[in-house]
Structure formats: structure tokens, C-alpha cells
């Protein structure tokens, strides 16, 4: 399902189709090892995949994205850096725009859902 698709209802009228999950990339540079480890574990707990040291990828709904923003603010000191961004990394991987990653490492759609 994409964010710009239209669906037709039973009465022939166009209805909005909502994209429930967004593909996101989370990256952080946290100096304190304890805080960095806590954040790493929290991000794993919400089913994000660690793709490099301090870099996570996955599919999140809006509430989960908000939770990640809160976690970044909680575990980052004033001198630390972090971000969450909506991306289309899976599309880039499918186009062979990577080295060392396989297409199946980044499915375009979430294949599992979780409750937090």
C-alpha cells in the first residue's frame, strides 16, 4: 500500500487509503556507553533492526515514530546527535544501490506486526 493510492468504495466514491506503517531509519551518536546501550535495547524492543552500529531500520506506525522521538530525547545528552527519518531504503536496496546488503534484508512492507 502506498501513501498516494486511491480506493473505490462500494458506492463508487473514492475513499482515502491510509498508510499505517512507514519505513524509517534511526541513527544516533551517543557518547555515554550506558545511555547508548539502553537506547539500542529499546529500539530492538520495538522491532527495529540494527543494520550498522547505532543505525536501525524498520517499519513503524505514527505512534511508534513518536515513541522513538521521545527515546532519542531521553537518552541523548546536549552534545549527542540523533535522528529518525522516513525513508524508502528498501526501494534503494531493490535497485542494487548498496554493498553488502541483500534484497531480503529490507522488505518493502512489514511482514510482522507487534504491540507495544
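The values are calculated or read from the model by the stated rules, or taken from the named source; none is laboratory data. Because the structure is a prediction, the values reported are computed rather than measured. Here the Cβ positions follow ideal geometry from the backbone for every residue, glycine too, while neighbour counts run over all protein chains shown.
Residues checked against (1) part of a loop (DSSP other than H, G, I, E, B); (2) in contact with a strand residue (DSSP E or B) (Cβ under 8 Å, 6 or more places away or on another chain); (3) exposed (fewer than 13 other Cβ atoms within 10 Å of the Cβ); (4) at pLDDT 95 or above:
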{"residue": "31", "(1), (2), (3), (4)": "yes, no, yes, yes"}
{"residue": "43", "(1), (2), (3), (4)": "no, yes, no, yes"}
{"residue": "71", "(1), (2), (3), (4)": "no, no, no, yes"}
{"residue": "82", "(1), (2), (3), (4)": "no, yes, no, yes"}
{"residue": "100", "(1), (2), (3), (4)": "yes, no, yes, no"}
{"residue": "109", "(1), (2), (3), (4)": "yes, yes, yes, no"}
{"residue": "116", "(1), (2), (3), (4)": "yes, no, yes, no"}
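Determine, yes or no, whether residue 10 is surrounded by 15 or more Cβ atoms within 10 Å (Cβ to Cβ) and either at pLDDT below 95 or in contact with a strand residue (DSSP E or B) (Cβ under 9 Å, 6 or more places away or on another chain) (or both). Criteria not met by residue 10. Per the conditions (1) exposed (fewer than 12 other Cβ atoms within 10 Å of the Cβ); (2) at pLDDT 95 or above, the sole criterion not satisfied by residue 38 is (1).
Yes or no, residue by residue, for (1) modelled with pLDDT under 95; (2) touching a strand residue (DSSP E or B) at 6+ places or on another chain (Cβ under 7 Å):
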| residue | (1), (2) |
| --- | --- |
| 18 | yes, no |
| 53 | yes, no |
| 68 | no, yes |
| 79 | no, no |
